[in-house]
Amino acid sequence: MDRTIIKNVNIITMNKEKEVIENGVVVVNGSIIEDIGKSELLEKYAGEKVIDGDNGILMPGMINTHTHASMLPFRSLGDDLADRLKKYIFPLESKFVDSKFVYEGARAGIAEMLLGGVTTFADMYYFEDEVARAANKMGIRAVLGETVLNFPSPDSKESYGGIEYGEEFIKNWREEELITPAIAPHAPYSNDTEHLVKAHNISQKYDIPMMMHVAEMDYETEKYKKEYNMTPVQYLNSIGILDQNFVAAHLINITGEDLEIACKTKIGIAHNIGANSKGAKGVSPAVKMYKRGMKIGLGTDGPMSGNTLDIITQMSLVGKIHKLVNRDRTLLPASEIIEMATIGGARALNMDKTIGSIEKGKNADLVIIETKSINMQPIYDYYSAVVYSANPANVDIVIINGKVLVKNRKLIGIDIDDIIDKINSIKNSIIKFF
Ligand SMILES: [Zn+2]
């Protein structure tokens with residue numbers, strides 16, 4: 001038995017009843033949550049190893065349902081330029097992105113996510129093996145997909161090289177406990193029908209997620225209107241690739257009919273409000289999606305798009321922006337936002353049977369938010385304190401699969417100075433390019 005008792009915490013369980021347990025106890029056995037209850041449980045498990053939560057808020061680990069962590073060395077570059085994807089990001093990537101870049105970028109991104117309480121992230125990029133290697137080594141749970149594009153990419157001289165790489169990647173990583181491999185066509189407009197169907201076949205063959213940017217760009221909407229007289233969602237549905245394994249990032253420019261399709265096909269949704277607002281892309285109808293019981297989680301998008309990789313920042317933005325655009329402060333109470341950040345994200349990635357809430361038998365992916373700092377005081381409502389008072393620096397302890405990875409707000413066994421040095425040496429080569 002490898003038991004750890006977490007005591008002196010106020011637990012946001014995110015179980016079906018959204019139970020909150022004050023002065024609660026969680027018992028972790030190996031990688032699994034064995035028991036949960038009030039402080040009386042301490043007697044039953046007397047003599048076991050104890051973590052004192054110091055009256056903090058214990059919540060399920062947060063899930064970042066959409067990012068490109070390895071883009072971190074590009075963060076803060078060209079933030080306010082128009083059409084950045086085609087004029088800036090793609091050329092920069094073809095010049096600088098290699099396996100070392102991806103590995104070091106992933107390490108930095110993962111370090112930031114761990115320190116911010118993210119215990120699972122979904123990522124799509126190039127050299128995805130390097131992201132998997134970094135994730136596995138650092139102990140974070142990850143859903144990882146190789147990007148598929150209709151032009152040569154940093155790890156493929158051929159267009160659509162991501163399909164072949166992607167299938168090899170899936171075979172190489174599918175047995176790893178913390179890694180869920182996926183396939184990730186970049187977007188409808190950057191893939192043709194044949195390759196989208198191919199990617200979907202791979203997703204079906206291995207029963208793995210297929211992740212894609214959908215209905216994000218205005219030119220994307222125009223293209224499908226002009227060529228097919230359809231929306232991107234209607235087009236993807238017409239070629240038969242929307243299903244429960246499909247995870248759509250963004251879904252900003254969608255119609256009522258698109259919402260019906262998304263609902264019926266049971267696709268997962270990654271809602272990236274920070275990146276969408278900074279990129280002036282628009283506000284997705286996430287409130288409608290949530291109210292219809294769709295599988296919706298929160299994402300940061302890449303560090304060049306949203307600039308931060310933690311989900312606490314996203315939660316606050318989700319609340320504020322949806323309330324603002326709808327001019328209704330009662331929309332999306334904080335508990336619903338935390339639902340999206342945890343079990344909602346797990347649903348979107350089809351992982352809700354094993355993660356996303358603090359319940360017996362689930363994986364022990366847990367976060368303690370400290371409540372001693374001035375910005376956390378006072379607390380009348382734990383949900384509200386996490387969504388609107390907290391910032392990532394309040395994340396005190398992070399546990400993934402039963403293993404403590406962050407304690408006293410510091411990474412354990414990871415040399416953060418080395419990570420920062422490596423990122424800065426990449427930055428120094430990028431800066432010479434300009
Ligand atoms: Zn993205």
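If exposed means no more than 10 neighbouring beta carbons inside 10 Å and the site is in a DSSP loop, what's the longest run of the chain without any exposed GluC sites (Glu not before Pro)?
Result for the longest clean stretch: 178-434.
Residue by residue, what Karplus-based ³J(HN,Hα) values in Hz, rounded to whole numbers, does region 358-363 have, using 6.51, -1.76 and 1.60 with θ = phi - 60° and x for Gly and Pro?
9, 9, 3, x, 7, 4
Averaged per residue, what accessible area in Å² does the chain show with a 1.4 Å probe, protein chains only?
That works out to 40 Å² per residue.
Please compute the modelled spin-label separation between ALA82 and TYR206, points set 7 Å along Cα→Cβ, answer in nm with one decimal.
Between TYR206 and ALA82, the simple spin-label model gives 4.1 nm.
Taking 2.2 N^0.38 Å as the expected size of a compact globular protein, what ratio does the Cα radius of gyration of region 1-132 give against it, to two decimals?
1.47
Given a 1.4 Å probe and heavy atoms of the protein chains only, how would you sort LEU81, LEU72, largest accessible area at the top?
Result of the area sort, largest leading: LEU81, LEU72.
If R0 is 35 Å, what FRET efficiency do you get for TYR388 and ILE420 from their C-beta distance, rounded to 0.05?
So the FRET efficiency works out to roughly 0.75.
Say each of SER277 and ASP2 gets a label point 7 Å from the Cα, pointing the same way as Cα to Cβ; how far apart are those two points in nm?
According to this spin-label approximation, the distance is 4.1 nm.
Going through region 139-211, which trypsin sites (Lys or Arg not before Pro) have at most 12 other Cβ atoms within 10 Å and a DSSP loop state?
Within region 139-211, the qualifying trypsin sites (Lys or Arg not before Pro) (loop, at most 12 other Cβ atoms within 10 Å) are LYS157.
Which net charge results for the neighbourhood of ILE419, defined as the other residues with beta-carbon distances under 11 angstrom from its beta-carbon, given Lys and Arg at +1 and Asp and Glu at -1?
Local net charge: -4.
Kindly sort ARG84, ARG292 by accessible area of their heavy atoms, largest first, with the probe set to 1.4 Å.
ARG292, ARG84
When the convex hull of the C-alpha atoms of region 153-211 is computed, what volume per residue in Å³ does it have?
83 Å³
Taking N as the number of residues in region 299-425, what is its Cα Rg relative to 2.2 N^0.38 Å?
Compactness ratio reported: 1.16.
Express the Stokes-Einstein translational diffusion coefficient of region 62-348 in µm² s⁻¹, to the nearest whole number, given a Kirkwood radius over alpha-carbon pairs, 4 °C and a viscosity of 1.567 mPa s.
Here the translational diffusion coefficient equals 70 µm²/s.
Can you give me the distance in nm between label points at LYS38 and ASN229, each placed 7 Å from the Cα along the Cα-to-Cβ direction?
Once both label points are built, they end up 6.6 nm from each other.
On the protein heavy atoms, probe 1.4 angstrom, tell me the percent of accessible surface of the chain carried by carbon and sulfur.
The C+S portion of the solvent-accessible surface of the chain is 49 percent.
Please state, as a whole number in µm²/s, the translational diffusion coefficient that the Stokes-Einstein equation yields for region 39-80 at 4 °C and 1.567 mPa s, with Rh defined as the Kirkwood radius across alpha carbon pairs.
85 µm²/s
The values are calculated or read from the model by the stated rules, or taken from the named source; none is laboratory data. Just so it is clear, the model here is predicted, and its values are computed rather than measured. All Cβ positions, glycine included, derive from the backbone under ideal geometry; neighbour counts span all protein chains shown. Accessible surface is based on the protein model in full, side chains and every heavy atom, while ligands, DNA and RNA are left aside. Shrake-Rupley method; radii C 1.70, N 1.55, O 1.52, S 1.80 Å.
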